[in-house]
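Engineer: Structure provided below as structure tokens; questions to follow.
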Amino acid sequence: MAVRDIPHVVSQRIHDSDAFALKRYLEDGGYEALRHATNDLSPVDVHNEVKSSGLTGRSGGAAFPTASKWELLRKDSAGYLIINADESEPGFFKDRRIMERDPHLMIEGTLLSAYALEVRTVFVYIRGEFALALERVQTAINEAYEYGAIGSNIFGSDFSCNVIVHPGAGAYICGEETALIESLEGKRGFPRIKPPFFPAVNGLYNQPTIVNNVETVATVPWIISNGGASYATWGGGRFTGTRLYCLSGRIRQPGIYEVEQHVPTFRDLLFDASLGGGMIENETLKAFIPGASFPWFFPEQLELHLDGDEVSANGSSLGAGVMVLDSSTCPVRVAWRLVRFFSRESCGQCTPCREGSGWLEHVLHRIEYGGGRPEDLELLLDLGDNISPGPFPHPPRPERGEGAVAFPYTQTTICPLGPSAVSPVDSSIYRFRDDYLVHINEGFCPYGHNSTSRELVTV
């Protein structure tokens, strides 16, 4: 196993019930990095430390270097920083835990980021359903104002910054940065076309805007306290440091784990006794999904490292959550439930996604509940091809870096939500076609799910 002892950069307090209080945060050295930065370092110094750390975005699979993203912001305008706390991807729950258990860590990282960017206004956009997170973050912000960590002349320095919490209305699409900006402006959460609407150029209120997620900014205090070079000693390549992973599904020890990047493999993550602990009831692994939006992986991919470039080269992307399927899991049902989610969360702006994802869900439901037809498999693939053109015309060959769908996605939609609905369909059909055929030919689910409902069977 390649699991090494690592510093707990962002998870040192997330399992402690009292960690949300300012008193506890200060006892652990909280806000000392911000005090040091605002009094002893220049914004350029803070930026350079983050740059030397190699920190990349911790939201999905893009992993764009944080410091390089910050460099896109023009310093001669009234720019903004937005913290994307609208974590809504199925299987992701790390940012929510940080906000609920350690909100001051996120706030300190937010202020350090704002200082490096030389912005004076920050918005924290929190998913509306996160009632406890909203309460904890707003309370922590109020405490930070009283402590002098937010507001005018922070810790006696020349730096002033205000932090504003904005609750979302529970739309999955607002996790996409341009849809989030539209929502912040009081509009419907529709993604913008890029270009020209790159947020760093034309973002909130048509001003340059940087959008970072919760875990990304929560990493910054450790980097400023310990040095970017120290952070970069962990991991390797483009993927330095540590990252939080959410494990769910048929795994013995589901939960949130902070793991070194680049060095461990998926096998380590799922089977190491200190992490996932292996399969429930000694079942065998059938598949694992490195992010609900991404193509599925299978047992032959267990030796891939937790390195975004290596994962991408093998036909998927490295998200922050891994969902585990074992031999007792019905892949048709999993695909249907994922497509159902994406269909219901489609914003409706793009016709292929609005209409196509709904039809994918209808046909999958028909198959799962006993009304499937032999032609449904080709119908599903054809529907998917109209949303995300270019799946391979043959079963994928992982040894050649091929996934079930073309990845990175090609798409007929403004944002990747449409292809996200296609991914579970193609992944499951190419790998588990026999399970589909049993559903279709026998009229029931071989895994014992209730197949008596005939709702939507005739669609």
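Engineer: What number goes with the only condition from (1) under 23 Å from GLU135 (Cα atoms); (2) in contact (Cβ under 8 Å) with a residue 12 or more places away in the chain; (3) assigned by TED's automatic domain parsing to the domain that holds GLU89 that SER52 does not pass?
Structural biologist: (1)
Engineer: Sticking with this structure for a sec: Among (1) over 21 Å from the mean Cα position of the chain (by Cα); (2) assigned to a loop (DSSP other than H, G, I, E, B), there is one condition HIS47 misses while meeting the rest; what is its number?
Structural biologist: (2)
Engineer: Within the set of pairs 6+ apart or on separate chains, which have a first residue in the stretch 306-319 that is hydroxyl-bearing (Ser, Thr, Tyr), a second that is surrounded by fewer than 22 Cβ atoms within 10 Å (Cβ to Cβ) and in a loop (DSSP other than H, G, I, E, B), and C-beta atoms under 6 Å apart?
Structural biologist: What qualifies is SER317/GLY61.
Engineer: In the set ARG333, ARG354, ARG340, which member is without any contact (Cβ under 8 Å) to a residue 12 or more places away in the chain and surrounded by fewer than 22 Cβ atoms within 10 Å (Cβ to Cβ)? Spell out the reasoning first.
Structural biologist: On the way: ARG333 fails: without any contact (Cβ under 8 Å) to a residue 12 or more places away in the chain; ARG340 fails: without any contact (Cβ under 8 Å) to a residue 12 or more places away in the chain.
Within the list ARG333, ARG354, ARG340, the selection yields ARG354.
Engineer: Sticking with this structure for a sec: Name every residue in the stretch 20-42 that is over 16 Å from LEU105 (Cα atoms) and surrounded by 18 or more Cβ atoms within 10 Å (Cβ to Cβ), in order of residue number.
Structural biologist: Restricting attention to the stretch 20-42, the residues satisfying the condition of being over 16 Å from LEU105 (Cα atoms) are 38-42.
Listed by number, the residues that qualify are THR38, LEU41.
Engineer: Same structure again: I'm trying to understand the selection: among the residues of the stretch 339-383, which are over 13 Å from LEU417 (Cα atoms) and not in a helix (DSSP H, G or I)? Walk me through how you get there before you give the answer.
Structural biologist: In the first step, residues of the stretch 339-383 are kept if they are over 13 Å from LEU417 (Cα atoms); the result is 359-383.
Result: TYR369, GLY370, GLY371, GLY372, ARG373, PRO374, GLU375.
Engineer: Take the residues in the stretch 324-338 that are in contact with a Cys (Cβ under 8 Å, 6 or more places away or on another chain) and assigned to a helix (DSSP H, G or I); name whichever of them is farthest from SER248 (Cα to Cα).
Structural biologist: Our first condition is that a residue be in contact with a Cys (Cβ under 8 Å, 6 or more places away or on another chain); within the stretch 324-338, this holds for 330, 332-333.
Narrowing further to those that are assigned to a helix (DSSP H, G or I): 332-333.
Values: VAL332: 18, ARG333: 16 Å.
Per the criteria, the residue is VAL332.
Engineer: Can I ask one more? Could you check how many residues of the stretch 298-312 are touching a Ser or Thr at 6+ places or on another chain (Cβ under 9 Å), part of a loop (DSSP other than H, G, I, E, B) and closer than 22 Å to THR56 by Cβ?
Structural biologist: Of the residues in the stretch 298-312, 2 are touching a Ser or Thr at 6+ places or on another chain (Cβ under 9 Å), part of a loop (DSSP other than H, G, I, E, B) and closer than 22 Å to THR56 by Cβ.
Engineer: Here's another thing I want to ask about it. Just name the residue that is farthest from PRO254 (Cα to Cα) out of those in the stretch 294-304 that are surrounded by fewer than 22 Cβ atoms within 10 Å (Cβ to Cβ) and touching a residue at least 40 places away in the same chain (Cβ under 8 Å).
Structural biologist: Start the filter on the stretch 294-304 by keeping residues that are surrounded by fewer than 22 Cβ atoms within 10 Å (Cβ to Cβ), which leaves 298-304.
In the following step, the residues that additionally are touching a residue at least 40 places away in the same chain (Cβ under 8 Å) were identified as 298, 300-301.
On the way: PHE298: 19, GLU300: 22, GLN301: 20 Å.
Looking at residues that are surrounded by fewer than 22 Cβ atoms within 10 Å (Cβ to Cβ) and touching a residue at least 40 places away in the same chain (Cβ under 8 Å), I get GLU300.
Engineer: Further, regarding this structure: Can you confirm whether GLY291 is closer than 22 Å to ARG433 by Cα and crowded, with 20+ Cβ neighbours inside 10 Å?
Structural biologist: Working: closer than 22 Å to ARG433 by Cα: yes; crowded, with 20+ Cβ neighbours inside 10 Å: yes.
When the stated conditions are applied, GLY291 passes them.
Engineer: Any idea which of ARG74, ARG97, ARG35 is in contact (Cβ under 8 Å) with a residue 40 or more places away in the chain, of a type outside the set (Gly, Ala, Ser) and in a loop (DSSP other than H, G, I, E, B)? If you could, list the steps in order and put the result at the bottom.
Structural biologist: Values: ARG97 fails: in a loop (DSSP other than H, G, I, E, B); ARG35 fails: in a loop (DSSP other than H, G, I, E, B).
From the options ARG74, ARG97, ARG35, the qualifying one is ARG74.
Engineer: For GLU49, are the conditions met, namely being of a type outside the set (Gly, Ala, Ser) and at pLDDT 95 or above? Steps first, please.
Structural biologist: Working: of a type outside the set (Gly, Ala, Ser): yes; at pLDDT 95 or above: yes.
Taking the combined requirement at face value, the residue satisfies it.
Engineer: Is it the case that some residue within the stretch 134-149 is modelled with pLDDT under 95, over 12 Å from ALA85 (Cα atoms), over 23 Å from the mean Cα position of the chain (by Cα) and not in a loop (DSSP other than H, G, I, E, B)? If you could, list the steps in order and put the result at the bottom.
Structural biologist: Restricting attention to the stretch 134-149, the residues satisfying the condition of being modelled with pLDDT under 95 are none.
Within the stretch 134-149, not a single residue is modelled with pLDDT under 95, over 12 Å from ALA85 (Cα atoms), over 23 Å from the mean Cα position of the chain (by Cα) and not in a loop (DSSP other than H, G, I, E, B).
Engineer: Of all residues in the stretch 44-74, how many are touching a strand residue (DSSP E or B) at 6+ places or on another chain (Cβ under 8 Å) and under 19 Å from PHE159 (Cα atoms)?
Structural biologist: Selection size over the stretch 44-74: 2.
Engineer: What is the one condition in (1) surrounded by 18 or more Cβ atoms within 10 Å (Cβ to Cβ); (2) modelled with pLDDT of 95 or more that ALA131 does not satisfy?
Structural biologist: Just one mismatch for ALA131, condition (1).
The values are calculated or read from the model by the stated rules, or taken from the named source; none is laboratory data. What you see is a predicted model, and the numbers here were worked out from it, not measured in a lab. Ideal geometry is used to build each Cβ from the backbone, glycine not excepted, and the neighbour counts take in all protein chains shown.
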